[in-house]
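The values are calculated or read from the model by the stated rules, or taken from the named source; none is laboratory data. As the structure is a prediction and not an experimental result, all values here were calculated from the model. Glycine gets a Cβ as well: all are built from the backbone with ideal geometry, and neighbour counts include every protein chain shown.
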Amino acid sequence: MPPNSHAVLSASSSHRWLNCNPSARLELEFEDRGTSAASEGTAAHALCEHKLKRRLKLRSDRPTSSWDSDEMEGYTDDYADFVMEQVIKERRRDADTQVLIEQRLDFSCFVPDGFGTGDCIIVSKGRLHIIDFKYGQGVLVEAEDNPQMKLYALGAIRQFGEQYEIKKVKMTIFQPRRENVSTWETTAAKLKRWAEKDLKPKAEKAYKGEGHYCPGEWCLFCKAAVKCRARAEEKLRIAQGEFKLPPLLTDGEIESVLAKLADIKKWAEEIQEYALAQALGGKEWAGFKLVEGRSVRKYADEEEVAKAAKSAGYKDIYKQSLITITEMEKLMGKTDFNKVLGGLIVKPQGKPTLVPDTDKRPAISVSAKNEFNEIKGEF
């Protein structure tokens, strides 16, 4: 398989195909459309790679992209600092510690044609540390029992296990835009047992396109999700069977519906976006038509507008306001921002939100909720 080709069973999508085996083959029928978030992430990864190489005294030309910013500069510095801290610790324990950047990892002994690229691999006597940089901020990624990280670890163990007698394995997700550094530790023996008993049989099914479609939160980034019949049937079943009028629902039924609302809403939005895109391409949907949406007025030429207004005797035509905190931080850079404005930035209490108890944020007390309502009432 060529080095740059995409694996059918990629490590990054393993959470999905391990839970919904046939989704891997179904996705191949859909075009891989790049997103701005993916493009930004690629640029951030390239900068991380460059900075790590320079810290390790390796040759590297600094990459440039349209995504370059003070924010990205700061976050990639943080990543390089974190990795070097781990490297220094291991080198104190084992002078022969090896650091590999953007290392191709082969785990095809467990997953057909399985391979991936590890952002940073630190290998030392008896130990392996996999570090993965995540620049996204939409979804919080945890290291615990993370299948992508486990696949990378299996590939690294296969390559370096005997030479370094690897027994302990550490995996870290470094997600700076979510202030998330998540680390999980296990053993090489446990990983191998998981690979033989759970990973291998599911991967074989997934590679053949066999097994049952199983909708779940892993549908989030599936390219086939918008047209997946199993997912549609599940959402419609929930809507038809569980959505009664609130007075008729028990507490248990409400809890069941709450757990599924976000995904149902997202699914409905995806269907709307897909149908609109198809209609713009010429498809006609029975019972629907394309119309011009609501439009917001705007100035054709602001300079000409200002001249005309002034000529007519109007002077009070401008307003001035500070740029946003995010823009100010990008303008100054993280260090100067904290030095100049750190004491002038406040973070008000966030609006109470109901989330699943698996959410990592600490629960707030009822008194805190009431305090929020009192503050809200003052405005």
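Of all residues in the stretch 147-169, those satisfying the criterion of being free of Cβ contacts under 8 Å to residues at least 60 places away in the same chain, of a type outside the set (Lys, Arg) and touching a helix residue (DSSP H, G or I) at 6+ places or on another chain (Cβ under 9 Å) are Ala153, Leu154, Ile157, Gly161, Ile166, Val169. The set of residues in the stretch 290-327 that are modelled with pLDDT of 85 or more, surrounded by fewer than 10 Cβ atoms within 10 Å (Cβ to Cβ) and part of a helix (DSSP H, G or I) comprises Glu302, Glu303, Ser311. Within the stretch 1-34, restricting attention to residues that are of a type in the set (Lys, Arg) and over 19 Å from Val141 (Cα atoms), the residue that is modelled with the highest pLDDT is Arg25.
Among the criteria (1) outside any helix (DSSP H, G or I); (2) polar (S, T, N, Q); (3) in contact with a Leu (Cβ under 9 Å, 6 or more places away or on another chain), the one Thr76 does not fulfil is (1). Quick check on the stretch 55-62. Is at least one of its residues within 24 Å of the chain's Cα centre (by Cα), in the same structural domain as Arg158 (by TED's automatic domain parsing) and either surrounded by 16 or more Cβ atoms within 10 Å (Cβ to Cβ) or in a loop (DSSP other than H, G, I, E, B) (or both)? Among the residues of the stretch 55-62, not one is within 24 Å of the chain's Cα centre (by Cα), in the same structural domain as Arg158 (by TED's automatic domain parsing) and either surrounded by 16 or more Cβ atoms within 10 Å (Cβ to Cβ) or in a loop (DSSP other than H, G, I, E, B) (or both), which makes the answer no. For the stretch 99-114, the tally of residues that are assigned to a strand (DSSP E or B) and under 18 Å from Ala188 (Cα atoms) stands at 2. Here the condition is being more than 24 Å from Ala43 (Cβ to Cβ) and modelled with pLDDT under 95; of Asp70, Asp113, it holds for Asp113 alone. Inspect the stretch 79-89 for any residue being among the charged types (D, E, K, R) and either assigned to a loop (DSSP other than H, G, I, E, B) or touching a helix residue (DSSP H, G or I) at 6+ places or on another chain (Cβ under 8 Å) (or both) and give the result as yes or no. No, the stretch 79-89 has no match at all.
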